[in-house]
Amino acid sequence: MSSFEQKNELYSKLNAICDVLRKTMDASEYRNYILGFIFYKYISEKFINLANELLEGDNVKYLDVKNQEIKEATDKSLKETLGYFIKKEDLFSTWVEKLNNGENILSNIEDGLKNVEQSTMGLDSENDFKNLFGDINFASSKLGNSPTAKNNTIKHIILNLNEIKYGFDDAKIDILGDAYEHLIANFASEAGKKAGEFYTPQEVSQILAKIVTSNMADRKILKNAYDPTCGSGSLLLQISKLIKVGKLCGQEVKDTTFNLCRMNMFLRGKDYHDFDIRLEDTILHPQHLDQKFDVIVANPPFSLPWDAPESFLSDPRFSDYGKLAPKSKMDYAFIQHMIYHLADDGTMATIMPHGVLFRGAAEGTIRQYIIEKQNYLDAVIGLPANIFYGTSIPSCILVFKKNRKKDDPILFIEASREFEKGKNQNKLSQENINKIVDAYANKKEIEKYSRLVNLDEIKENEYNLNITRYVDTFEEEEEIDIEAVNRELKELNLKIAETEKEIEEMIKELVESK
């Protein structure tokens, strides 16, 4: 079976599981059960897979080990390597066996999830597993109105997931990761406005990842990558597909999304020491202040109000600008935060609402400082409207680099008119994506699409970055032949007169016949 066929079969099975839960729950609710148990099955099978590999020299399977000394040594190695431990009674395969025997094991499953989290206490992986399964609510009446009904719902999920074979080679992990991403996208689509908090469409993730790595061809590995509003982690994972990254770092304010991101990291084959995802408000309680990052990507929530404390004027992230982002819109607070974290030779790309390009007052002051004093803005890319879940407003990508030369122009790309129309939202084709990335990477000027603009021209425009000020998209209308139009009008008038005469005669005949 080809990888394409495997992927489609997996999608089909996962969608079938969702169909049952969809009858009683919203997508934002049943996603926690589906994604949580997919993840648990993965780590359970990974545990047994590694355990059997460690015992190959002893010619025995892990579950058959009788020698206590060998078992203790194996258990220690498993814990050190994986960062977690699963007891025999908590293995996914044990649950399947008991459910097939007709047992009600709801409480056993609930205990098993807690046991895995507790197994990491005192280890470096503790924060990566802490409350990881907290969103799986076994008390919810939507699972069923009785313990038996709830057990049957969970049984449906587990036994159907058991039919899916994961595998642990790179190809199989990619298929599983893609399936997980597919489910997240489906949940985002169903959740509507609630979805923007955890999912960036894959094609947009591709653009950002390709832009920030476009000048990294000579680097075999990046020290780190950072997303201050990491959601499900899709932006960070897109970067790791393109180039090896030492550590994927991120911060997320919502605990459900935080759990989703950590699971996504593991399911993409990342070990606990490959990522550092933190739960907290990024601006008010930053968790990575002591670090600079090779690449930064982000899709922050658009124009959130915030309580900007005056003390932030002395915060190193904001103090140079003399102004804080207005309390009604914290877009520039995110930009300032990311600029602070960007390494001197790093690249940063962030999605923003169009308003950041032209709004005045404090935002205008900050924008001017970034362009005039810092010279960090490298590109402005206009995106089509209605490509994100939860908002239809036009957006843009801002690209920043700290190692720009004094006279380097800023590239403006007007890509908002090139997209594929979708039923609920617009899509970017691979051709659209490639054109944007190629124009940025090679600093191309394309008529009515992209243009390099020097800083003097931007200064003349009072640091207004509205893309249409710099990229002429005007299309000349076809010349109208006035004489031909007049001839057509005369002919039309003659036909109308003839028709009116015919109607009058018909009415006259009708009247006479009476």
Residue check: is L455 out of contact with any Cys (no Cβ under 9 Å at 6 or more places or on another chain) and surrounded by 20 or more Cβ atoms within 10 Å (Cβ to Cβ)?
-> no
Segment 313-364: number of residues that are assigned to a loop (DSSP other than H, G, I, E, B), of a type in the set (A, V, I, L, M) and either in contact (Cβ under 8 Å) with a residue 40 or more places away in the chain or under 22 Å from R404 (Cα atoms) (or both) = 2
Within segment 438-452, the residues that are in a strand (DSSP E or B) and surrounded by fewer than 18 Cβ atoms within 10 Å (Cβ to Cβ) are I446, L452
Could you pull out the residue among K71, K114, K79, K98 that is without any contact (Cβ under 8 Å) to a residue 24 or more places away in the chain and in contact with a Phe, Trp or Tyr (Cβ under 8 Å, 6 or more places away or on another chain)?
-> K114
Single condition Y272 does not satisfy, out of (1) buried (at least 23 other Cβ atoms within 10 Å of the Cβ); (2) more than 26 Å from Q206 (Cβ to Cβ); (3) modelled with pLDDT under 95 | (1)
Being at pLDDT 95 or above and either closer than 20 Å to R268 by Cα or charged (D, E, K, R) (or both) narrows it down to one of D75, D19, so name that one.
-> D75
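Just the residues that are among the small types (G, A, S), buried (at least 24 other Cβ atoms within 10 Å of the Cβ) and either part of a helix (DSSP H, G or I) or at pLDDT 95 or above (or both), please, taken from segment 206-242.
A209, A225, S234
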If you check S319, S303, which single one turns out to be among the small types (G, A, S) and over 27 Å from N461 (Cβ atoms)?
-> S319
Mind checking which pairs have a first residue in segment 139-166 that is of a type in the set (F, W, Y) and a second that is surrounded by fewer than 20 Cβ atoms within 10 Å (Cβ to Cβ), Cβ under 6 Å, 6 or more apart or different chains?
-> Y166/E45
Condition check for N131: over 35 Å from the mean Cα position of the chain (by Cα), in the same structural domain as I157 (by TED's automatic domain parsing), surrounded by fewer than 18 Cβ atoms within 10 Å (Cβ to Cβ) and not in a helix (DSSP H, G or I) = no
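The values are calculated or read from the model by the stated rules, or taken from the named source; none is laboratory data. Model, not experiment: these values are computed from the prediction. Backbone-built Cβ (ideal geometry, glycine too); neighbour counts: all protein chains shown.
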